[in-house]
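Remarks on the structure that follows.
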Amino acid sequence: MTMQALKGFKDILPDESPTWQWLEAAARSVFHRFGFGEIKVPILEKTELFARSIGEATDIVEKEMYTFTDRNGEQITMRPEGTASVLRAFIEHNLQARQALTRLYTIGPMFRHERPQKGRLRQFHQMSVEAIGSDHPRLDAEIIAMAWQFLEELGLSVSLQINSLGCPSCRPAYREALLAFLAARQDTMCDDCKRRSTTNPLRVLDCKSSHCQEQYQGAPVILDHLCPACADHFSAVKASLDQLAIPYGVNAFMVRGLDYYTRTTFELLTGALGAQSAVGAGGRYDGLVEQLGGPKLPGIGFAMGMERLILLLEQQNQAAIAAPAIDCFVAALGEAAVSRAFPLVHALRAQGLKAAMDLEGRSLKSQMKQADRLQARYTLILGEEELARGEALLRDMASKKQQVLAFGNDPAMIAATVMATMSTAQ
Ligand code: HAM
């Protein structure tokens, strides 16, 4: 039986890699302009880290984590998201000592045991950013603006929805109001909602069942229960977004799937990916650093799903990024020529050219076909006759023009001649 990848786990093939590399480069370019530095964190962490941050009563922690006991009997988990790990590293390495506002990003695979479908995988990739050390509403707008700028540079148009989830001083009163509303609907809500209405009532509003959703029409929303400080904060975030001319809609029903959020939350949505509408999402987590044993520092961040971005780019035909073409293919005929070509290709590569040859010494016709397939800009032809005359032919594959090059003995010198000829021909 042939082996296959796990369900929900995907290989990224060489044809697809250029798009991934381009997407990462585009993200890095924007993140660096906004002052973010890259951090790489491990894929495995203690389970407790995610349970304590994302929240015990969330879908992710309750049913989606890849958790196992390692050989030392320790409970460990493959990270389902980046924020918890980045904050753990931030605290562990005392990064706040270096600057008042720490700006970090990380790019890599995340793991959630969800039901796979278009745009939803069990191993997926996020570009995740965190800014730790300020609760200023302008920072919220700046972070959202960075996500917006990135999507603009990709040429993608999505819609932005924002909400405020309040803080520990306004949420308890809201929770009471919501519980009272839900109590009257206990008999008709689904089992998940029944359970959630005691463990994590805010999440009830996010139930996917249309029957439940109908009943929750008119439910109290947190936006109507914000304390004056949170209300002012939210107004200032909106004013700052207006200042940057970033269009948004307020969605008072937006409840994020992770418990650490406070105040501003946001989602970047598209209608083009079916059920998986969020290409990116994030928000503020003002209590999280402290909750994980660090100093009392507020923070905000977001993550973009790379598979979803690539699906969108493909739909809009913007992902047609070809693998970089070969600069020079060396076609050699006969063993003597192949043996000269071998160190020459190495010398061309050492000098910075993307060069290739056929090691098997196939016919000239098949080597020229190979050069075409590799989209070689030039082919250097070493035939027996040319070799006998101490020459080689350099063929411009687009114009089909050929020129004769003197072909000496030293591969590095020949490589230099080829390169000099190629650069004057451009
Ligand atoms: P999240 O909303 O769980 O937030 O995920 C962020 C993004 O990751 C989603 O909008 C989506 O594009 C992508 N994503 C999530 N699950 C999957 C999946 N199964 N398959 C494909 N793509 C997926 C977080 O993870 C937070 N850590 C974001 C954050 C950072 N908040 C503050 N800082």
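The values are calculated or read from the model by the stated rules, or taken from the named source; none is laboratory data. Remember, predicted model here, so these are calculated numbers, not experimental data. When we count neighbours, we look across all protein chains shown, and the Cβ atoms used for this are built from the backbone with ideal geometry, even at glycine. Just so you know, the surface numbers come from the protein's heavy atoms only, side chains and all, with ligands and any DNA or RNA stripped out. Shrake-Rupley method; radii C 1.70, N 1.55, O 1.52, S 1.80 Å.
In table form, for the structure just shown:
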quantity	calculated
Scan of the stretch 208-232 for residues that are open to solvent by 30 Å² or more (accessible area, probe 1.4 Å) and of a type in the set (S, T, Y), ordered by number	S209, S210
Residue match in the stretch 403-414 (condition: at pLDDT 90 or above and either assigned to a loop (DSSP other than H, G, I, E, B) or open to solvent by 60 Å² or more (accessible area, probe 1.4 Å) (or both))	yes
Count of residues meeting criterion [among the hydrophobic types (A, V, I, L, M, F, W, C), more than 18 Å from L202 (Cα to Cα) and in a helix (DSSP H, G or I)] in the stretch 47-69	2
Of residues in the stretch 249-263 being closer than 25 Å to E114 by Cβ and more than 12 Å from the ligand (Cβ to nearest atom), the one most open to solvent (accessible area, probe 1.4 Å)	F253
Residue within the stretch 233-248 that is farther than 15 Å from D140 by Cα and open to solvent by 40 Å² or more (accessible area, probe 1.4 Å) present	no
Selection status of A180, of a type in the set (A, V, I, L, M, F, W, C) and open to solvent by 60 Å² or more (accessible area, probe 1.4 Å)	yes
Contacts under 6 angstrom Cβ, first residue in the stretch 203-219 being outside the structural domain of Y261 (by TED's automatic domain parsing), partner part of a helix (DSSP H, G or I), 6 or more apart	R203/R196; V204/C193; V204/R196; V204/S197; C207/C193; C212/C193; A219/F181
Any hit, the stretch 264-285, residues being buried (at least 18 other Cβ atoms within 10 Å of the Cβ) and away from the ligand (no atom under 11 Å from the Cβ)	no
Subset of the stretch 324-363 [assigned to a loop (DSSP other than H, G, I, E, B), touching an Asp or Glu at 6+ places or on another chain (Cβ under 7 Å) and either surrounded by 19 or more Cβ atoms within 10 Å (Cβ to Cβ) or of a type in the set (A, V, I, L, M, F, W, C) (or both)]	L333, L353
Per-region count, the stretch 190-207, residues surrounded by fewer than 16 Cβ atoms within 10 Å (Cβ to Cβ) and of a type in the set (S, T, Y)	2
Tally, over the stretch 88-110, of residues that are under 30 Å from L311 (Cα atoms) and more than 9 Å from the ligand (Cβ to nearest atom)	7
Selected residue [surrounded by fewer than 16 Cβ atoms within 10 Å (Cβ to Cβ), acidic (D, E) and without any contact (Cβ under 8 Å) to a residue 12 or more places away in the chain] from D15, D11	D11
Out of E48, E38, E81, sole residue that is in the same structural domain as L297 (by TED's automatic domain parsing), at pLDDT 95 or above and open to solvent by less than 70 Å² (accessible area, probe 1.4 Å)	E81
Pairs where the first residue, in the stretch 88-108, is under 17 Å from Q291 (Cα atoms) and in a helix (DSSP H, G or I) and the second is among the polar types (S, T, N, Q) and open to solvent by less than 30 Å² (accessible area, probe 1.4 Å), C-beta under 7 Å, 6+ apart	F90/T102; L95/T102; Q96/T102
Residue ranges of helices (runs of 4 or more DSSP H) in the stretch 117-201 with at least 3 members within 16 Å of the ligand (Cβ to nearest atom) and either more than 21 Å from the chain's Cα centre (by Cα) or within 27 Å of T102 (Cβ to Cβ) (or both)	137-154
Total residues in the stretch 289-337, condition of a type outside the set (A, V, I, L, M), at pLDDT 95 or above and under 17 Å from D15 (Cβ atoms)	1
Members of the stretch 297-311 that are more than 6 Å from the ligand (Cβ to nearest atom) and open to solvent by 10 Å² or more (accessible area, probe 1.4 Å)	L297, P298, I310, L311
Residues located in the stretch 338-370, provided they are aliphatic (A, V, I, L, M) and either within 26 Å of I12 (Cβ to Cβ) or over 40 Å from the mean Cα position of the chain (by Cα) (or both)	V338, A341, A355, A356, L364
